[in-house]
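> Can you keep this structure in mind? I'll have questions shortly.
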Amino acid sequence: MNGVQSKRSYSYKTLARPHSTKMTVERSEFIAHGDTVMDADEARAYIASVQQEYRDATHNCWAYRTGAPGPEIEYFSDAGEPSGSAGRPILSVIRANDLRNCVIVVTRYFGGRKLGIPGLIKAYSTAAQQLIDEAGIKDCVVARRVRAICQYSRLGQVDHVLRSFDALVEDRVFTDRVELTACVEAGQCDQLVDSLTNICDEVTVDDDQPHLISD
């Protein structure tokens, strides 16, 4: 099992939906499973669930890539296949498609004919790519939720600031003042808060980080 960490990113591509797909190579059956995950714990939980469901399989090889916004974490396992012939090719396909926050497990039922290391690399790579092609890819933005309370006389200014940051207004509540809830790309959150603080009575940021589909 191997891992790599790298830089932070506020926008990313990931699998559009959970999916499984099958293919046969030289009588060996390969079943690729994939899903979105938000961190390494979710990825490992998904891997464990597949390993449990397919505990009679010859191999359950896997790779995951998380870290949007970051830091980026990558791990893979050959799960008993020759070193570098299974988990690394799966991770290479994830990288080639520029996916993050996803996990792919490829289950193999040995069919009696050895494929050799080049054949294994091709089979695991093809299974992972087939999964991605069938599941589809979606674009996401990591956002923070900002809540602001302002006077009615300041509402036009607040709306202008929100638009200038491409913030998505989720809710407006009109009482004696105006309460707004908006989401903004995480990397711009501090700047938005600074801009709103000068024209609002209250500005707060939620602890959670909703992941918004942008395309």
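Residue-wise test of (1) within 30 Å of Thr204 (Cα to Cα); (2) not assigned by TED's automatic domain parsing to the domain that holds Thr197.
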position: Thr66; (1), (2): yes, yes
position: Pro69; (1), (2): yes, yes
position: Gly87; (1), (2): no, yes
position: Asn97; (1), (2): no, yes
position: Ile104; (1), (2): no, yes
position: Arg113; (1), (2): no, yes
position: Ser125; (1), (2): no, yes
position: Ala128; (1), (2): no, yes
position: Gln151; (1), (2): yes, no
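> Then there's this: So which of Tyr109, Tyr124 ends up being more than 24 Å from the chain's Cα centre (by Cα), among the aromatic types (Phe, Trp, Tyr) and at pLDDT 95 or above?
Residue meeting the stated conditions: Tyr109.
> How many residues are touching a residue at least 24 places away in the same chain (Cβ under 8 Å) and out of contact with any helix residue (DSSP H, G or I) (no Cβ under 8 Å at 6 or more places or on another chain) if we restrict to region 152-161?
Taking region 152-161 as the starting set, the residues that turn out to be touching a residue at least 24 places away in the same chain (Cβ under 8 Å) are 152, 154, 157-158, 161.
When the remaining residues are screened for being out of contact with any helix residue (DSSP H, G or I) (no Cβ under 8 Å at 6 or more places or on another chain), the result is 152, 154, 157.
Summing the residues that are touching a residue at least 24 places away in the same chain (Cβ under 8 Å) and out of contact with any helix residue (DSSP H, G or I) (no Cβ under 8 Å at 6 or more places or on another chain) in region 152-161 gives 3.
> Ok, one more. I want to confirm something. Restricting to region 72-90 and keeping residues that are assigned to a helix (DSSP H, G or I) and without any contact (Cβ under 8 Å) to a residue 60 or more places away in the chain, which single residue is farthest from Lys13 (Cα to Cα)?
Of everything passing the filter in region 72-90, Pro89 is farthest from Lys13 (Cα to Cα).
> Against the definition (surrounded by 14 or more Cβ atoms within 10 Å (Cβ to Cβ), farther than 23 Å from Pro71 by Cα and touching a His at 6+ places or on another chain (Cβ under 7 Å)), how does Leu162 come out, yes or no?
no
> Kindly evaluate Phe174 against the criterion of being within 30 Å of Ala16 (Cα to Cα) and among the hydrophobic types (A, V, I, L, M, F, W, C).
Answer is no for this residue.
> Go through Leu120, Leu131 for me and flag whichever is within 30 Å of Ile90 (Cα to Cα), in contact (Cβ under 8 Å) with a residue 60 or more places away in the chain and of a type in the set (A, V, I, L, M).
Leu131
> Now for a different question. I'm checking my understanding of the structure. Among residues of region 28-66 that are among the small types (Gly, Ala, Ser) and surrounded by fewer than 22 Cβ atoms within 10 Å (Cβ to Cβ), which one is nearest to the chain's Cα centre (by Cα)?
In this case the residue turns out to be Ala40.
> Do you know which of the residues in region 79-90 that are over 19 Å from Ala43 (Cα atoms) and in contact with a strand residue (DSSP E or B) (Cβ under 7 Å, 6 or more places away or on another chain) is surrounded by the most Cβ atoms within 10 Å (Cβ to Cβ)?
Applying the first criterion (over 19 Å from Ala43 (Cα atoms)) to region 79-90 yields 80-85.
If we keep only those that are in contact with a strand residue (DSSP E or B) (Cβ under 7 Å, 6 or more places away or on another chain) as well, we get 80-81.
Working: Gly80: 11, Glu81: 22.
For region 79-90, the residue satisfying everything is Glu81.
> Looking only at region 91-118, filter to residues that are among the β-branched types (Val, Ile, Thr) and in a helix (DSSP H, G or I); which one of those is surrounded by the most Cβ atoms within 10 Å (Cβ to Cβ)? Lay out the reasoning, then the answer.
Step one: of region 91-118, the residues among the β-branched types (Val, Ile, Thr) are 93-94, 103-107, 117.
Still in the running and in a helix (DSSP H, G or I): 93-94, 117.
Working: Val93: 23, Ile94: 25, Ile117: 14.
Restricting to residues being among the β-branched types (Val, Ile, Thr) and in a helix (DSSP H, G or I), the top hit is Ile94.
> Here's something else I'd like to know. Where residues in region 133-147 are modelled with pLDDT of 95 or more and within 13 Å of Cys189 (Cα to Cα), which of them is surrounded by the most Cβ atoms within 10 Å (Cβ to Cβ)?
Out of the qualifying residues, it is Val146.
The values are calculated or read from the model by the stated rules, or taken from the named source; none is laboratory data. Just so you know, these numbers come straight off a predicted model, no measurement behind them. Cβ atoms come from the backbone with ideal geometry, glycine included; neighbour counts cover every protein chain shown.
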